[in-house]
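The values are calculated or read from the model by the stated rules, or taken from the named source; none is laboratory data. As the structure is a computational prediction, the values presented were derived from the model and not from experiment. Here Cβ is always computed from backbone atoms with ideal geometry, including for glycine, and neighbour counts include all displayed protein chains. For the accessible areas, the whole protein counts, side chains as well, though only heavy atoms, and no ligand, DNA or RNA atoms are used. Shrake-Rupley method; radii C 1.70, N 1.55, O 1.52, S 1.80 Å.
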Amino acid sequence: MPSLSSAADHIQDLGAYVSASPSSFHAAHEAARQLEAAGFSRLDEQEPWEGGAGSFFVIRDGALIAWVVPEGAGPTTGFNILGAHTDSPSFKLKPKPTIGAHGWLQAGVEVYGGPLLNSWLDRELQLAGRLVMLDGTEHLAATGPMLRFPQLAIHLDRAVNEGLTLDKQRHMNPVWGLGNPSDVDLLAVLASSVSEASVDPGRIGGYDVVIADTQAPAVFGGNGEFFASGRLDNLSSTHAGMVALMGHAASVSAGAPIAVLAAFDHEEIGSNSRSGACGPLLEDVLVRVSDGLGATAGQRRQALAASFCISADAGHAVHPNYAERHDPANHPVLNGGPLLKINANQRYATDAPGAALWARLCGEAGVPYQEFVSNNAIPCGSTIGPLTATRLGIRTVDVGVPLLSMHSARELCGVEDPRRLAAVAELFFRTAV
């Protein structure tokens, strides 16, 4: 079992991680902070890496790769990889972001990924992300509560309960103050939110800033069985992988596989970036680790052939009010265990050997699991799983924590399932497959 062996401890730690991670950049840096505290060493991609046993990580923008090389690892030692992602559906700050009208100050934003637009209405929101100065230095910024997408009162739209239609350009520009937009600068507010340094807004050369919900995560329900939070898709998996890897590193055995956590950015928009799963980041790391172990090109291919990837991304629990939208025979529930995600058209990478491995790992960990497959009449989403399998040729299985309200500003899972995912992940990291 992972270090956070109780569901209560794990869910509280997950909530703290989500709260500290309002953007993908924060998620990567908070994971790095915890890994360093656990004895992992941060490496620089521009510097040479020494080979040999140890625990390491590297950050590229909003992505993080961490790995544990055991004593006795050699040129053909395989990699056991848990893949996840750090980004979540949201809204991203546009150029010239300070807008407004009729005495209101507003923020100009683009839709990022596929958020449930209505779930973002009437919430206290923040801006969070990175500011890059003209000299190339970077700063993390997070404003705390300051924005809101205000809904139109029912008195001004009597038919709103018959169907709400939101125009992404006209209706999704949040308010953040009162005044004339020509007299203020939203970037100055962002600059003032940087805690570790004084930032001149006039020296900001670029920014990657998103909107995030500020409501604290909460455990609730008749028996405290539910957990509500923003960004569970997919910080629930990133956190589970991080906890599992730190637990594994504390007691790694000689001769174990090389355990890897790959937390990519940009999954919600297709993964086509230098820090996304379609990019070279994971391959770059695996090649450099193999090189450090003295591998030839042929031995690297042997190591990849001996490798396995668990693609961990949140999935769908059956919705009691919309059960007809789900497969009739497969109705996953909250706290029923993590999902094995299956799709005939390879929107998920699970195949029979992957399903068998997952069943074996769950059995050995004492963790129940559930199968998820889509209703044939409803298109299936996808994950980093097929991308990783295609790019590297590594056998991959897709799994994840079941959610309700996926892509809402505030999603819902069971309190037991994230801990169970971490338990199976830790066993996977130490198991030769």
- Solvent exposure ordering (accessible area, 1.4 Å, most first) of Lys96, Lys341: Lys96, Lys341
- Item | Note, ³J(HN,Hα) from phi for the stretch 141-147, Karplus 6.51, -1.76, 1.60, rounded to Hz, x at Gly and Pro | 10, 8, 7, x, x, 7, 10
- Message: If the only charges are +1 at each Lys and Arg Cβ and -1 at each Asp and Glu Cβ, what is the size of the charge dipole of the stretch 268-331 around the Cα centre, to the nearest 20 debye?
- Response: 280 debye
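Using only C-alpha atoms and all pairs of different ones, pull out the Kirkwood radius for the stretch 1-133 in Å with one decimal.
After inverting the pairwise mean of 1/r, the radius is 18.3 Å.
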- hull vol. (C-alpha, convex hull) per residue for the stretch 191-298, Å³ -> 229 Å³
- Query: Looking only at Gly62, Gly276, Gly54, which one moves most when the chain is put into a Gaussian network model with springs between Cα atoms under 10 Å?
  - Reply: Gly54
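Summing +1 for each Lys or Arg and -1 for each Asp or Glu, what net charge is found among the other residues whose Cβ lies under 11 Å from the Cβ of Arg300?
Result for the local shell: 0.
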- What is the local net charge at Ala389, summed over the other residues whose Cβ is closer than 11 Å to its Cβ (Lys, Arg +1; Asp, Glu -1)? 0
- Task: Using amide H atoms built 1.01 Å from N in the peptide plane, name the residues 5+ places from Thr86, or on other chains, whose amide H lies under 5 Å from its own.
- Result: Phe264, Asp265, His266, Glu267
- Note on the structure: Mean projected area (nm²) from the convex hull of Cα positions in the stretch 90-213 is 8.1 nm²
- Note on the structure: Expected vector for the stretch 419-433, Karplus 3J(HN,Hα) from phi with 6.51, -1.76, 1.60 and θ = phi - 60°, integer Hz, x for Gly and Pro, equals 5, 5, 4, 5, 5, 5, 4, 5, 5, 4, 4, 9, 10, 6, 10
- Message: If I model a spin label as a point 7 Å beyond the Cα along the Cα-Cβ vector, how far apart are those points for Ala323 and Ala218 in nm?
- Response: 2.8 nm
- Label 7 Å along Cα→Cβ of Ile378; the stretch 399-433 residues with amide nitrogen under 15 Å? 402-408
- Task: Taking amide H positions as placed in the peptide plane 1.01 Å from N, state which residues far from Leu403 in sequence (5 or more) or on other chains have amide H under 5 Å from it.
- Result: Gly315, His316, Ala317
- What is the packing order of peptides 284-292, 361-369, 196-204, taking the mean over residues of other C-beta atoms within 10 Å and listing the highest first? 284-292, 361-369, 196-204
- Note on the structure: Taking 0.36 nm per residue of separation between Ile154 and Ala250 and subtracting their Cα-Cα distance, the length gained on full extension comes to 28.9 nm
- Query: Tilt of helix 352-365 relative to the longest C-alpha principal axis of the chain, in degrees (0 to 90, nearest 10)?
  - Reply: 90 degrees
- Query: Please state the relative contact order of the stretch 90-213 as a whole percent: Cα pairs under 8 Å, 6+ residues apart?
  - Reply: 39 percent
- Accessible area expressed per residue, the chain, with surrounding protein chains retained (probe 1.4 Å, Å²): 41 Å²
- Task: Relative to the longest principal axis of the C-alpha atoms of the chain, give the angle of the C-alpha long axis of helix 7-19, reported between 0 and 90° and rounded to the nearest 10°.
- Result: 50 degrees
- Task: Using θ = phi - 60° and the Karplus relation 6.51 cos²θ - 1.76 cosθ + 1.60, list the HN-Hα couplings for the stretch 391-398 in order, rounded to whole Hz, with x at every Gly or Pro.
- Result: 6, 10, x, 8, 4, 9, 10, 9
- Task: Could you tell me which of Ser408, Val132, Pro379 has its Cα farthest along the dipole of the chain towards the positive end, charges placed at Cβ (Lys, Arg +1; Asp, Glu -1), taken about the Cα centre?
- Result: Pro379
- By per-residue mean of other Cβ atoms within 10 Å, what is the highest-first order of 240-247, 156-163? 240-247, 156-163
- Assigning unit charges at the beta carbon (Lys, Arg +1; Asp, Glu -1) and nothing else, what dipole magnitude in debye, to the nearest 20, does the stretch 145-276 show about its Cα centre? 40 debye
- Message: Highest mean first, how do 115-128, 312-325 rank when packing is the count of other Cβ atoms within 10 Å averaged over residues?
- Response: 115-128, 312-325
- In debye, nearest 20, what is the charge dipole magnitude of the stretch 1-158 about its Cα centre with +1 on Lys and Arg Cβ and -1 on Asp and Glu Cβ, if you could check? 720 debye
- Across 5 Å bins from the origin, how do the percents of Cα pairs in the stretch 12-72 run, short distances first? 4, 17, 25, 23, 16, 8, 6, 1
- Mind checking which lysines have their Cα closer than 30 Å to the Cα of Lys168? Skip sequence neighbours fewer than 8 apart in that chain. Lys92, Lys94, Lys96
- Note on the structure: In the neighbourhood of Leu116 defined by beta carbon distances under 14 Å, the net charge of the other residues (Lys, Arg +1; Asp, Glu -1) is -1
- Inter-label distance, nm, simple model (7 Å from Cα along the C-beta direction), Trp49/Gln346: 2.8 nm
